[in-house]
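Written below as structure tokens is the structure these notes are about.
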Amino acid sequence: MEYVVKPSAIPSVPVNNTDEFFPVHRIYCVGRNYSDHVKEMGGDPKQEPPIFFSKPASACVVGNQDVNYPQATSDLHHEVELVVALKSGGKDLSIESALDCVYGYAVGIDFTRRDLQAIAKNNGRPWDVAKGFDQSAPISSIAPASECGHPVDSRITLKVNGEIRQQAKLDEMIWAVPEIISSLSQFFELKSGDLIYTGTPAGVAAVGVGDTLSASIEGVGELEFNIV
Ligand code: MN
């Protein structure tokens, strides 16, 4: 096929211990999935169903590359998250079958322009400009579930300049991975190559130029990069 303009490259994420890559199709994200974070954002964790939003696949940053401080914000927040990488999908998936779709897991950052998100929330506007900007989705290499299993209660940590900013265990998530996949598939036909950022624990805060972020999930992966 001949294209009238040069097609953009398929965003791809390295897979642990191989020379192979996971091709990213879409990025879905879950909002408000840890009680302590819901409370710090002023919500009630027991009364809100899962919130989904998305980022463009091109927002991924891989290989511990530097992230440029984004335009149009003065309040860039980190959100460390477990990322699920799908090898298959479908619509209306059951909770019981959901994990069959999982290729593997990674640790990622859902960068958020919190000032723009506040404006969007106050005015009932979409979150796209707050969430779906360039380089807003750094991600570690992917650990295949065939090697790391399905993490349930692993510790997730984010350090900024060596100091712990966010730390929790994955079993503190309000909706676990099978529930997230099942729920998301009620709205979208999930596909191979989809990534799901599963929400962040408490402790979100601003970062700036010169900061070094180090994210990890025990048994899954590590990610470290600078903001420049
Ligand atoms: Mn998030």
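The values are calculated or read from the model by the stated rules, or taken from the named source; none is laboratory data. No experiment lies behind these values; they were computed from the predicted model shown. Here Cβ is always computed from backbone atoms with ideal geometry, including for glycine, and neighbour counts include all displayed protein chains. For the accessible areas, the whole protein counts, side chains as well, though only heavy atoms, and no ligand, DNA or RNA atoms are used. Shrake-Rupley method; radii C 1.70, N 1.55, O 1.52, S 1.80 Å.
Quick look at the values:
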item: Charge tally in the Cβ shell below 9 Å around residue 227, where Lys, Arg are +1 and Asp, Glu are -1, residue 227 excluded; result: -2
item: Percent of C-alpha pairs per 5 Å bin, the chain, short to long; result: 1, 7, 15, 20, 21, 18, 11, 5, 2, 1, 0
item: Formal net charge of residues neighbouring residue 61 (Cβ-Cβ distance under 13 Å; K, R +1; D, E -1); result: -3
item: Estimated vicinal HN-Hα couplings, Hz - the range 123-130 in sequence order (Karplus 6.51, -1.76, 1.60; Gly, Pro = x); result: 10, x, 9, x, 8, 3, 6, 7
item: Rounded Å value of the spacing that divides the Cα centres of the range 22-96 and the range 109-156; result: 3 Å
item: Amide H within-cut-off set for residue 202, under 5 Å, with H built and near neighbours excluded; result: 36, 37
item: Carbon + sulfur, % of accessible area of the chain - ligands and nucleic acids excluded, 1.4 Å; result: 48 percent
item: Those residues of the range 61-81 whose amide nitrogen sits under 11 Å from the label point placed on residue 115, 7 Å along Cα→Cβ; result: 71-76
item: Peptide ranges 123-135, 102-114, 1-13 listed from the most packed, as the mean C-beta count within 10 angstrom indicates; result: 102-114, 123-135, 1-13
item: Point-to-point label distance, residue 129-residue 88, nm (Cα→Cβ direction, 7 Å offset); result: 4.2 nm
item: In sequence order, calculated HN-Hα J values of the range 154-159 (Karplus, 6.51, -1.76, 1.60; Hz; x Gly/Pro); result: 5, 7, 10, 9, 10, 10
item: Accessible area (Å², per residue) of the chain, counting only protein heavy atoms and a probe of 1.4 Å; result: 48 Å²
item: Inter-probe distance in nm under a simple model that places probes 7 Å from Cα toward Cβ, at residue 1 and residue 189; result: 1.6 nm
item: Amide N of the range 52-87 lying under 20 Å from the label point, which is placed 7 angstrom from the Cα of residue 218 along Cα→Cβ; result: 80-84
item: Gained length - residue 9 relative to residue 44, 0.36 nm times residue gap less alpha-carbon distance; result: 8.5 nm
item: Anchor residue 121: lysines whose Cα lies under 30 Å away (excluding residues fewer than 8 positions away in-chain); result: 39, 46, 55, 91, 131, 159, 169, 191
item: Nearest-0.05 FRET efficiency for residue 26 and residue 95, computed from C-beta distance (R0 35 Å); result: 0.95
item: Lys, Arg +1 and Asp, Glu -1 on Cβ, resulting dipole of the chain about Cα centre, debye, nearest 20; result: 560 debye
item: The range 1-130 shape via C-alpha gyration tensor axes, a/c threshold 1.5; result: oblate
item: Relative contact order for the range 12-226, counting Cα pairs under 8 Å that sit 6 or more residues apart, in percent; result: 33 percent
